Amino acid sequence: MSEYGSVVMPPSTRELSRKAAIVGIGETDYKQDYMAARAKAPGYEPPTTESLTITAFERALADAGLKREDIDGLTVSFMYAGPSPAETAAFLGLKPRYQKVVAGIMAGPLPQVCAAIEAGECDTVVMVYAAASRAIGRKFGGVRADDNPDKGTPAGYYYYHPWGWSAPAAYWAMVWNRYRDAYGVTEADLGSVAMQFRKNAMANPDAIMQAPMTIEDYLASRYVVAPMHLFDMCLVNDGAVCLIVRRADLAKDMPHAPVEVAGWGEAKIKTKKLEGIIRDRMRPQFQESARQALEMAGMDLKDIQHFEGYDSSSMHLINHLEGHGFVAPGEGLDFFKSGQAAVGGSLPINTAGGMLSGAYMHGWNHVVEVTRQLRHEAGARQVKDVQISMSSLAQTDQVHPLIFTRGAE
């Protein structure tokens, strides 16, 4: 399969709203695996895509209180290649009538499954995602001029060393430079995002980064792409997530409150990508995709009580916050500095630590945190009485929000 797989979004129609619910979740031991990978003690064997997948699946199956024979659907989302759906089904001991490769990132996979369930193609689907990033030595820099010698052209256009555009971090650095100049804010102001997510991670036992962080620690960290610091960027770690999604009428009377998928949306930059991401900060795409998702769910933005945004960088999280309209342009950093993004604030954000301090699972761990919050099982980081949550994944040219509600038990 391709590295990310295809992102195919079903229409954002009211008819598909709340027709399926998440009934089981499973994750690997992010912190434990990260520390082991860093230490590389004698005898250390790195995890594989298969071993990570099995761990997350077994935990999700137990969480849902289901048996293998209850599962009739399977999707696979392996970021850097992996076994086929048929091979995955075999080593998981499943016999699905519906099986599919879906995007690695948490953009189209969940809506696709909801649409398949409503169409009668399946009733209970296991969705597995895995990324053995550290185990395979994955590097998140760009290609060199000689990386595609047979064709005489670079393998990638946007991330190409000769013109200094070597990773997505280059986007966020340029966005941050423009934002800083426009609104008169400082690096210390941006540090409030990383510091809040670190505080959140400290309340999550499986978060990778749990050491307290001061603003001095943040400012002393090295630049990745100036003026973006190390703590402004997402982690690189091994891990897997499994979601079990079931037809809504079958999701009752289970071990946990079902988490219904109420809405989704999609909007893309169609021309002039650099202007769209750097000058406009994808605001038109954030607004349009949120409009679609909210209309599908029958809600307004003010109904959202908890938000999980794709924090590939701290600046990109501000793009989400302001782009979707939770605050006005230029007010995102004040929102963090005033504590409004904390548990107990007006809109708690990335309550498990996000991808800056929790784990980098391409948005899948955000959906797991939404599920825990709506089940009211998030422990010390629980948002009081939360009933409606939103997650949002934005790449450098497209936005995919999801809206979830706590269903009846």
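The values are calculated or read from the model by the stated rules, or taken from the named source; none is laboratory data. Keep in mind that what you see is a predicted model, and the values were worked out from it rather than measured. Cβ placement follows ideal geometry from the backbone for every residue including glycine, while neighbour counts extend to all protein chains displayed.
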### Message
Looking only at the stretch 318-342, count every residue that is in contact with a helix residue (DSSP H, G or I) (Cβ under 6 Å, 6 or more places away or on another chain), surrounded by 21 or more Cβ atoms within 10 Å (Cβ to Cβ) and hydrophobic (A, V, I, L, M, F, W, C) and tell me the total.
### Response
5
### Query
Quick check: is even one residue across the stretch 242-257 among the aliphatic types (A, V, I, L, M), more than 23 Å from ILE349 (Cβ to Cβ), within 18 Å of the chain's Cα centre (by Cα) and modelled with pLDDT of 95 or more?
yes
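From the residues in the stretch 258-285 that are among the charged types (D, E, K, R) and at positive phi, which one is nearest to the chain's Cα centre (by Cα)? I'd like the intermediate steps shown before the answer.
Of the residues in the stretch 258-285, the ones among the charged types (D, E, K, R) are 260, 266, 268, 270, 272-273, 275, 279-281, 283.
From what is left, the residues that are at positive phi are 272, 281.
Values: LYS272: 25, ARG281: 19 Å.
Here the residue is ARG281.
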### Message
Looking at the stretch 192-209, can you tell me whether even one residue there is in the same structural domain as TRP172 (by TED's automatic domain parsing), over 21 Å from the mean Cα position of the chain (by Cα) and at negative phi?
### Response
no
### Message
Of everything in the stretch 378-409, what is in contact with a His (Cβ under 7 Å, 6 or more places away or on another chain) and surrounded by fewer than 24 Cβ atoms within 10 Å (Cβ to Cβ)? Give them in sequence order.
### Response
GLN382, VAL383, VAL386
### Query
In the stretch 164-218, what residues are surrounded by 22 or more Cβ atoms within 10 Å (Cβ to Cβ), of a type in the set (S, T, N, Q) and in contact with a strand residue (DSSP E or B) (Cβ under 9 Å, 6 or more places away or on another chain)?
GLN196, ASN200
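Could you tell me whether ASP33 is surrounded by fewer than 20 Cβ atoms within 10 Å (Cβ to Cβ), among the charged types (D, E, K, R) and either outside the structural domain of ALA293 (by TED's automatic domain parsing) or under 19 Å from GLU369 (Cβ atoms) (or both)? If you could, list the steps in order and put the result at the bottom.
Numbers: surrounded by fewer than 20 Cβ atoms within 10 Å (Cβ to Cβ): no; among the charged types (D, E, K, R): yes; either outside the structural domain of ALA293 (by TED's automatic domain parsing) or under 19 Å from GLU369 (Cβ atoms) (or both): yes.
So ASP33 does not fit the description; no.
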### Single residue of ALA56, ALA39 found to be of a type in the set (A, V, I, L, M) and farther than 23 Å from GLU87 by Cβ
ALA39
